[in-house]
Amino acid sequence: MLIFSNEVDCRYCYKCLRNCYVKSISFERGTSEVIEEECIVCGKCIDICPQGARVYRKDLNEMDRFIGKPFLVSIAPSFFAHFDEPFKVIGALKKLGAVAVQETAVGADIVSKDYVEYFEKNKKTIISTACPVVVNLAEEYYPEVLEYLAPFDSPMIAHAKFMKFFFGDFPVVFIGPCIAKKTEVGEYVDLVLTFEEVEEYLQKFDLDVSESYPTPPYPSNGRLYPFSGGINLTMNGSWINHIVVEGIENVAKIFEKIDTMKTPFFVEASACSGGCIEGPLMRKDTGLMEKRERIILNHQKLSQTDASKINVENLSLNTKRKFIDRSKRIDVPEEKIQEVLKLMGKDDPSKELNCSACGYNTCREKAIAVVLKKAEPEMCLMYLIEKIKSTANLVVEESPNAVFIFNEGEITYKNRAAERLFFKFGEQTVMEILNSKITGDYLELDNQNDYSAFFVKSFELPENGGNVIMLIDITKEKMQEKKISEIKKQAFESIEEMLTRQMKTTQEIAGMLGESIAETKSQFLNLKKILEEKDARL
């Protein structure tokens with residue numbers, strides 16, 4: 001697996017799916033993932049995602065097994081467009097143990113010679129096979145064009161074969177701007193690192209390096225390969241029937257119409273618009289012209305050295321390759337497609353907007369993806385809007401709050417609660433009260449049989465859609481308030497009655513105590529008088 005999804009960062013904007021030509025990204029049950037067997041590894045989803053939710057597999061740890069042992073490095077021609085100090089990077093790689101750091105452009109020269117000989121000999125339309133994404137697209141989705149693909153290795157593989165022949169059978173590390181190159185790791189190339197990975201890897205070492213030029217022999221014009229028309233320039237071609245096709249969509253259009261071409265064309269095909277210098281992992285802070293200028297200036301600089309150049313005419317190297325039909329035809333029953341379309345509210349072709357907001361080009365494509373469990377109905381924007389509308393309408397209809405919409409003095413809508421209000425208290429009564437109420441008012445309706453209380457909320461609809469008055473039902477709250485008020489009143493009355501009784505009882509007790517004290521005092525005085533008389537006689 002080369003491209004992964006970071007679910008934490010994904011916001012389901014479907015931008016990656018809209019920009020994925022082969023729709024190899026699934027969204028189901030709240031998760032999103034790249035479908036490995038369908039992906040052509042163009043890296044567009046990584047480049048286009050605003051959230052950085054798509055990442056590719058990094059192989060930095062694999063590089064460790066080559067350090068301290070002899071190994072070979074092949075640097076893609078776009079190397080000089082990416083790095084500010086490319087010759088210091090070459091010096092660092094040599095210091096880490098690279099026996100040779102040579103330009104992949106040598107392989108480009110070799111392949112270009114094969115292209116020229118094959119095209120002139122066969123007099124048929126030929127599609128270049130330097131771009132692995134173009135090859136993936138043909139093998140997986142357009143097997144009918146396999147016969148038109150130039151049957152030769154990519155410059156990377158051709159160069160790896162050359163390096164093993166020229167320098168010795170050491171491991172080969174390729175460094176370039178393309179994720180898809182990782183799919184070519186095998187017999188001849190042991191490891192593919194992106195420029196980004198190399199920058200990250202070199203930060204691990206505290207290297208004191210000086211500039212170093214690539215290892216000879218040098219290429220002729222192969223350094224021009226990574227920009228538009230570069231293959232043609234390498235081939236010294238001046239054919240009128242040479243064409244440059246860039247971008248997966250444009251390449252696919254050529255594939256679809258290739259059988260209709262009567263005149264043989266040499267098709268220089270690249271998945272990236274602008275060529276490899278606009279690859280998904282090329283630096284983004286420099287423009288197309290600056291990158292192209294850097295390559296040209298470094299090409300001129302290296303061409304002025306006295307380093308030997310490869311002589312492809314005298315080189316005997318087998319670069320032949322074959323292509324495999326890896327396409328899969330999946331037949332989806334029409335009734336299943338129609339079921340999904342109907343579910344999404346597209347039971348009539350006129351309702352199929354084909355807006356591509358979901359990421360698919362047509363509603364039918366989306367329906368097929370749903371059947372294949374690659375997508376969900378809710379990805380359809382219009383379906384989701386209608387679903388929300390219907391849900392919102394249901395909520396309003398079933399709300400206990402009365403909702404009225406007035407337009408030019410007339411009621412244009414009332415929900416079920418509003419209908420019940422009219423039935424209970426009469427339309428005229430309710431209307432008279434509504435016409436005098438504003439937001440923040442309280443409304444109480446009581447006809448002896450029924451009582452209702454509401455808080456009034458009103459607002460205007462946009463685009464002269466009318467005025468909305470909502471009567472928020474607070475009957476229970478008001479009834480509760482009244483009940484509490486009644487309880488309080490009863491409590492106060494009970495307390496007051498109790499206090500009155502207690503005061504009366506107190507007064508009665510006080511009276512009885514007063515009489516008792518008076519009688520006691522009288523008895524005491526009589527006793528005192530008697531005692532005093534006895535003392536006198538004594």
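The values are calculated or read from the model by the stated rules, or taken from the named source; none is laboratory data. Being a predicted model, the structure only gives us computed values, none of them experimental. Because the Cβ atoms are built from the backbone with ideal geometry, glycine has one as well, and the counts that use them run over all protein chains shown.
Would you mind finding the one in Lys351, Lys301, Lys342, Lys346 that is basic (Lys, Arg) and at pLDDT 90 or above?
Every option except Lys301 fails the conditions.
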**Message:** Pairs please, first residue from segment 261-278 and acidic (Asp, Glu), second anywhere and part of a loop (DSSP other than H, G, I, E, B), Cβ atoms under 8 Å, 6+ apart in sequence or on different chains.
**Reply:** Glu268/Ser128; Glu268/Gly229; Glu278/Cys272
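I'd like to check which helices (runs of 4 or more DSSP H) are fully inside segment 49-146 and have at least 1 residues that are in contact with a Cys (Cβ under 6 Å, 6 or more places away or on another chain) and in the same structural domain as Lys164 (by TED's automatic domain parsing).
Here the list reads 132-141.
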**Request:** With respect to Val456, determine if the residue is among the aliphatic types (A, V, I, L, M), in contact (Cβ under 8 Å) with a residue 60 or more places away in the chain and not in a helix (DSSP H, G or I).
**Result:** no
**Fill in**
Being surrounded by fewer than 23 Cβ atoms within 10 Å (Cβ to Cβ) and over 15 Å from Leu191 (Cβ atoms) narrows Lys69, Lys94, Lys58 down to just Lys94
**Prompt:** With respect to the numbered conditions (1) part of a loop (DSSP other than H, G, I, E, B); (2) touching a residue at least 12 places away in the same chain (Cβ under 8 Å), which one is the sole condition not fulfilled by Asp169?
**Reply:** (2)
**Request:** Could you tell me whether any residue of segment 429-440 is in the same structural domain as Glu408 (by TED's automatic domain parsing), closer than 20 Å to Asn401 by Cα, at pLDDT below 80 and part of a strand (DSSP E or B)?
**Result:** no
**Asked** Taking the condition touching a Gly at 6+ places or on another chain (Cβ under 7 Å), in contact (Cβ under 8 Å) with a residue 40 or more places away in the chain and assigned by TED's automatic domain parsing to the domain that holds Ala98, does Met156 pass?
**Response** yes
**Request:** Of all residues in segment 14-31, count the ones that are under 13 Å from the mean Cα position of the chain (by Cα) and among the basic types (Lys, Arg).
**Result:** 2
**Message:** Here's a check for you: in segment 1-30, which residue that is of a type in the set (S, T, N, Q) and in contact with a strand residue (DSSP E or B) (Cβ under 8 Å, 6 or more places away or on another chain) is surrounded by the most Cβ atoms within 10 Å (Cβ to Cβ)?
**Reply:** Ser24
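Can you tell which of Thr305, Thr286 is part of a loop (DSSP other than H, G, I, E, B), among the hydroxyl-bearing types (Ser, Thr, Tyr), under 43 Å from the mean Cα position of the chain (by Cα) and within 21 Å of Phe87 (Cα to Cα)? If you could, list the steps in order and put the result at the bottom.
On the way: Thr305 fails: under 43 Å from the mean Cα position of the chain (by Cα).
So the residue among Thr305, Thr286 that is part of a loop (DSSP other than H, G, I, E, B), among the hydroxyl-bearing types (Ser, Thr, Tyr), under 43 Å from the mean Cα position of the chain (by Cα) and within 21 Å of Phe87 (Cα to Cα) is Thr286.
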**Complete:** For segment 71-95, pairs from a residue that is closer than 20 Å to Leu224 by Cα to a residue that is acidic (Asp, Glu) and buried (at least 24 other Cβ atoms within 10 Å of the Cβ), with Cβ under 8 Å and 6 or more apart or across chains, are Ser74/Glu103; Ile75/Glu103; Pro77/Glu103; Phe79/Glu103
